[in-house]
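The values are calculated or read from the model by the stated rules, or taken from the named source; none is laboratory data. Computed from a predicted structure; not experimentally measured. Neighbour counts run over all protein chains shown; Cβ positions are idealised from the backbone, glycine included. Only protein heavy atoms, including side chains, enter the accessible area calculation; ligands, DNA and RNA are left aside. Shrake-Rupley method; radii C 1.70, N 1.55, O 1.52, S 1.80 Å.
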Amino acid sequence: MSEIVLEPKISDEYYDIVPRHSKEERQFLKESLMLDGQYQEIEVNNAGVILDGHERFEILQELGIKPKLRVKHFTNKEDELRYVIIANIARRQLTPFQKVEIFY
């Protein structure tokens, strides 16, 4: 059985949904990835489009580290989009306004 190899891709639609980390948070994430490696996989759909982990992916690219991926399967685009929103809201320290804004 051969391993499926996907080239991760950033979709503007998903990338723009969630606010980016602050400069300090991004630097902390970068240092963590350098020191400890990648704990959390970059989640992609069947086509390799990143659903969760955009900034981890960008930082890993900067560091020249091949990202670990997990393919998520969805039956339709709406379920996939819902997952992108929920996955990112659950992990981020967003203000209540930002959370409401993302849902709309």
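Return the total of residues in the range 26-64 being touching a helix residue (DSSP H, G or I) at 6+ places or on another chain (Cβ under 8 Å), of a type in the set (A, V, I, L, M) and open to solvent by 70 Å² or more (accessible area, probe 1.4 Å). Within the range 26-64, residues that are touching a helix residue (DSSP H, G or I) at 6+ places or on another chain (Cβ under 8 Å), of a type in the set (A, V, I, L, M) and open to solvent by 70 Å² or more (accessible area, probe 1.4 Å) number 1.
Residue by residue through the range 28-51, note down the ones that are under 15 Å from Leu6 (Cα atoms) and not polar (S, T, N, Q). Don't jump to the end; show me each part of the working.
Here is the first cut: in the range 28-51, the residues under 15 Å from Leu6 (Cα atoms) are 41-51.
Result: Glu41, Ile42, Glu43, Val44, Ala47, Gly48, Val49, Ile50, Leu51.
Quick one: in the range 29-59, which of the residues that are more than 23 Å from Ile85 (Cβ to Cβ), assigned to a helix (DSSP H, G or I) and not hydroxyl-bearing (Ser, Thr, Tyr) is farthest from the chain's Cα centre (by Cα)? Among those residues, the one meeting the criterion is Leu35. Contact annotation: residue pairs with Cβ atoms under 7 Å, 6 or more positions apart or on different chains, pairing a residue in the range 52-72 that is free of Cβ contacts under 8 Å to residues at least 60 places away in the same chain with a partner that is of a type in the set (S, T, N, Q) and assigned to a helix (DSSP H, G or I), are Asp52/Asn88.
Looking only at the range 7-28, count how many residues are touching a strand residue (DSSP E or B) at 6+ places or on another chain (Cβ under 7 Å) and either outside any loop (DSSP other than H, G, I, E, B) or of a type outside the set (Val, Ile, Thr) (or both). Even if it seems obvious, please write down each step before you answer.
Quick first cut of the range 7-28, residues touching a strand residue (DSSP E or B) at 6+ places or on another chain (Cβ under 7 Å) only: 8-11, 14.
Next, from what is left, pick out any that are either outside any loop (DSSP other than H, G, I, E, B) or of a type outside the set (Val, Ile, Thr) (or both): 8-9, 11, 14.
Qualifying residue count for the region: 4.
In the condition set (1) open to solvent by 30 Å² or more (accessible area, probe 1.4 Å); (2) modelled with pLDDT of 90 or more, Val100 is compliant with all but (2).
If I filter the range 69-80 for residues that are modelled with pLDDT of 95 or more and open to solvent by less than 40 Å² (accessible area, probe 1.4 Å), do I get at least one hit? Yes.
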